[in-house]
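Visitor: Next up is a structure, given as structure tokens.
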Amino acid sequence: MNPIYKKTTIVLLLIGSLAGCDGEGTLLELYPWQPIVNPEIRTLIQDNRIIHAQFVGRNHISGITANGNFETPDQFKSFDFEPFAWQEEGLLDFGADLIVRAVPDKSSISLIYSRDNGRTWNRYGHPIVDEGGLALGKISPVKLVVGAERLMWLLCQQGTGAESRLLLYRVNLAGGTHETLLRRRNALAVTAAAFDGQRGWVLWKNPLIDSDSVHLLKTIDGGSTWSEGATLENISDPLFCVIDDGDLLVFGQAGAAFHSADGGATFQSVVTGMGPIQRCQAATADVIYVLSVDGRLGKSVDGGFTWDVLGAQAGNTQVSGSKMYFQNEQRGIVYDIDRMFITEDGGEHWEVLIYPYNYVFE
Amino acid sequence: MMAPVLRKSGWMGVLLLAALELHAQRSLPVYLEGEFGIERFGDASVRSVFPTGAALRLGAAFALADQGRLRLRPQGGVTFYGNKINEEVTEQLLFVKGGMQVSYDAFFLGRMTFFPYLGIDYNWVSNFDMESYDGEEATYSENYLHGTGISQEIGLRVQISEWYVKAGYGLFRSQLRVRRSILDNDLTSGYVTPPSHSFQFDTINISVGFSIRP
């Protein structure tokens, strides 16, 4: 072989063997990526669950899990977690800087409350139900409504059937006082809602006549007097939502929805297109959000007359949850025991704050 | 996957033939040149995946000015890197190039002539897998990453008779786009992936080649 060709062949073989050297990994592994959620949020959802969350500032979210409470100033890029054992018992409602439980206590009810996001609890020191009331039978809490200025309503049920009685108490935690606002015989307590210190509503059923009809009672003077409102037919275990002092929404478990523009005197049927609703929040008098039982979010911008189902996506993840908190008509969170989503534009766009991605648990 | 490569290579062949035709019409001194060599990335992270690549270039060099010492070479070529993932799958990184090289017959020592050169190429970059199972015909995946960009090269060529050895340094930063389905899968898995990313593909290269008058 000609020496020049021989050398060329050797060079080509050398080049070929060098080009075949195997590396490590793949080029795609050098491509940058970033986890959508802070993996540290595993603290909140691994062997744990989110119970409550709300805005306490522009980007500041605080909340409670079964194992402690959390606060984040930057949408969970960082967060503080303080462990403690959450108490599961009783009926629960969250107010501003106040969590209240109505706990059955023998035949009566005890109120315990926390003003430090569930870390420590105090007991309301006075017996809410007097001894004369207790003589008529055991009292069970049905609905707790925590309002402004540590004022709350407690709707209770005593007895069943012909002996059933509805009781509504107002408790002023700040003043350490309470009073009975309403007693009604032959009535099953369904739910109650209050708009301010003066206006409030109670829904009840007649246990003897019409088990599928719900009747409404209304007060505009802080419970001194009550007037009969409309009766809603074929609605069971309704969700009651107060929009303002005159506009109300009632959602039935079967998916029926009703709107009142006259404080509950009359109702008209509205269609949400979402089936049963489990949460409702009026961000303003016009903008109202609802969460369906299957976790979908709906929005009305005309005070609840018409509704749009928001096909909310955060990346490739469907926005869903069982609870929500809207700070205003634009900014809100939707969350569940292991996830949380945030919108800053009224539900058009969403971001994931907490989600059980695989890497969170690794 | 291979069809675009062949199409691009075909266009380069047409350009070279056109250049030779031009030479025939104008009687410019022209050399048919080809070279084969190895390239190695300067960036350590890219080099860890693809330690060494093989490069092939073809061009027609026109001797233009200063008694034919200045040479202008329209050129085309490919650079190929392979990384065996397992027995069946080899990841491949392919650069298809087309551009121009300027060299100058600067000086000689004995039989060796020294040509400093500058080159500029337009690059099509593809990153994909070649899969071959049980001796069956190889199949090629869709591109994981792909992009384009302009590279520059500076180096020195030492020529003896019709043969030469060339060493150079290539500067190339390419913005590669990731496949849409990868973006979607990452998003579903909880990762945000940018649609494109700049890779540094600077290389050192050594080649052997020939330069003949047709």
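Visitor: Can you give me the angle between helix A:3-19 and the longest principal axis of chain A, using Cα atoms only, in degrees from 0 to 90, rounded to the nearest 10?
Guide: 10 degrees
Visitor: Then there's this: How big is the C-alpha Rg of region A:195-297 next to the rule-of-thumb value 2.2 N^0.38 Å, as a ratio?
Guide: Numbers: Rg = 13.5 Å, N = 103, 2.2 N^0.38 = 12.8 Å.
Ratio of Cα Rg to 2.2 N^0.38 Å: 1.05.
Visitor: If you take the Cα atoms of region A:44-168, find Rg, then find the Kirkwood Rh from the mean of 1/r over all pairs, what is Rg/Rh?
Guide: Working: Rg = 17.2 Å, Rh = 16.1 Å.
Reported Rg/Rh, Kirkwood definition of Rh: 1.07.
Visitor: Also: Which pairs, out of A:LYS106/A:LYS323; A:LYS218/A:LYS323; B:LYS84/B:LYS166; A:LYS106/A:LYS218; A:LYS77/A:LYS323, put more than 25 Å between their alpha-carbon atoms?
Guide: Working: A:LYS106/A:LYS323 31 Å; A:LYS218/A:LYS323 27 Å; B:LYS84/B:LYS166 28 Å; A:LYS106/A:LYS218 31 Å; A:LYS77/A:LYS323 22 Å.
From A:LYS106/A:LYS323; A:LYS218/A:LYS323; B:LYS84/B:LYS166; A:LYS106/A:LYS218; A:LYS77/A:LYS323, over 25 Å: A:LYS106/A:LYS323; A:LYS218/A:LYS323; B:LYS84/B:LYS166; A:LYS106/A:LYS218.
Visitor: Post the alpha-carbon centroid distance, region B:106-137 to region A:98-149, in whole angstrom.
Guide: Cα centroid to Cα centroid, the span is 82 Å.
Visitor: Rounding to the nearest 10 and keeping the result within 0 to 90°, find how far the Cα-based axis of helix B:180-189 lies from the longest principal axis of chain B.
Guide: Taking Cα atoms only, the helix is inclined about 40 degrees.
Visitor: Right, another one. Enumerate the whole-percent occupancy of each 5 Å bin, from 0 to the last occupied one, for all C-alpha pair distances of region B:2-212.
Guide: Percent of Cα pairs in each bin: 1, 7, 13, 18, 17, 15, 11, 8, 5, 3, 2, 1, 0, 0.
Visitor: Which three semi-axes in whole Å describe the equivalent ellipsoid of chain A, each the square root of 5 times a Cα gyration tensor eigenvalue, listed largest first?
Guide: Values: eigenvalues 616, 116, 57 Å².
Semi-axes from the Cα gyration tensor: 56, 24, 17 Å.
Visitor: Under the definition of Cα pairs under 8 Å and six or more residues apart, what whole-number percent is the relative contact order of chain A? Mind dumping the intermediate values first?
Guide: Numbers: 841 pairs, mean separation 32.8, N = 362.
Taking the mean separation of contacting Cα pairs over the length of chain A, I get 9 percent.
Visitor: Per-residue ellipticity at 222 nm for chain A, helices alone: DSSP H runs ≥ 4 residues times -39500 (n - 2.57), over residue total, nearest 500 deg cm²/dmol?
Guide: Details: 3 runs with 25 residues, N = 362.
After summing the helix terms and dividing by the residues of chain A, the value is -2000 deg cm²/dmol.
Visitor: How many angstrom separate the Cα center of region A:236-294 from the Cα center of region A:172-199?
Guide: Taking the Cα centre of each part, region A:236-294 and region A:172-199 sit 21 Å apart.
Visitor: Step through the residues of region B:110-126 one at a time and calculate ³J(HN,Hα) from phi using the Karplus curve (6.51 cos²θ - 1.76 cosθ + 1.60, θ = phi - 60°), rounding each to whole Hz and writing x for Gly and Pro.
Guide: Ordered by residue, 3J(HN,Hα) equals x, 8, 8, 10, 9, 10, x, 9, 10, x, 9, 9, 8, 10, 10, 10, 9 Hz.
Visitor: Follow-up question, since we're still on this one. Residues with amide H under 5 Å of A:ARG279's amide H, sequence separation 5 or more or different chain, H placed in the peptide plane at 1.01 Å from N; which?
Guide: A:LEU291
Visitor: Keeping all protein chains in the complex and leaving out DNA, RNA and ligands, what accessible area do you get for B:TYR191 with a 1.4 Å probe, in Å² to the nearest 10?
Guide: Here the residue's solvent-accessible area equals roughly 50 Å².
Visitor: Other chains' Cβ within 10 Å of B:80-88 residues: what's the mean? Spell out each step's value before the answer.
Guide: Values: counts 1, 5, 5, 8, 4, 4, 0, 0, 0.
The shielding value for this peptide is 3.
Visitor: Sticking with this structure for a sec: For the full complex of protein chains and a 1.4 angstrom probe, list B:LYS84, A:LYS138, A:LYS205 by accessible area with the highest value first.
Guide: Details: B:LYS84 90, A:LYS138 120, A:LYS205 35 Å².
The ordering from most to least exposed comes out as A:LYS138, B:LYS84, A:LYS205.
Visitor: What net charge is computed for the residues neighbouring A:VAL309, neighbours being all others with C-beta under 10 Å from the C-beta of A:VAL309, Lys and Arg scored +1, Asp and Glu -1?
Guide: On the way: positive: A:ARG296, A:LYS299; negative: A:ASP308.
With Lys, Arg at +1 and Asp, Glu at -1, the net is +1.
Visitor: Loop by DSSP (not H, G, I, E, B), at most 16 other beta-carbon atoms within 10 Å: where is the longest site-free stretch of chain B for GluC sites (Glu not before Pro)?
Guide: Numbers: sites that count: B:GLU87, B:GLU88, B:GLU136, B:GLU137, B:GLU142, B:GLU162.
Longest site-free region, per DSSP loop and neighbour criteria: B:1-86.
Visitor: How would region A:220-362 be classified by its alpha-carbon gyration tensor: rounded, prolate or oblate, with rounded meaning a/c under 1.5 and the a/b versus b/c comparison settling the rest? Write out the running numbers ahead of the final one.
Guide: Numbers: a/c = 2.29, a/b = 2.06, b/c = 1.11.
Since a/c reaches 1.5 and a/b is larger than b/c, the shape of region A:220-362 is classed as prolate.
Visitor: Let me know the mean shielding of B:41-54 by other chains, meaning the per-residue number of their Cβ atoms within 10 Å of its Cβ.
Guide: On the way: counts 1, 0, 1, 0, 4, 3, 1, 5, 9, 6, 7, 7, 4, 6.
Per residue, the number of nearby Cβ atoms from other chains is 4 on average.
The values are calculated or read from the model by the stated rules, or taken from the named source; none is laboratory data. These numbers were taken from a predicted model, which means no experiment stands behind them. So basically every Cβ, Gly included, is an ideal-geometry build from the backbone, and we count neighbours across all protein chains shown. All accessible areas refer to the heavy atoms of the entire protein, side chains included, with ligands and DNA or RNA removed. Shrake-Rupley method; radii C 1.70, N 1.55, O 1.52, S 1.80 Å.
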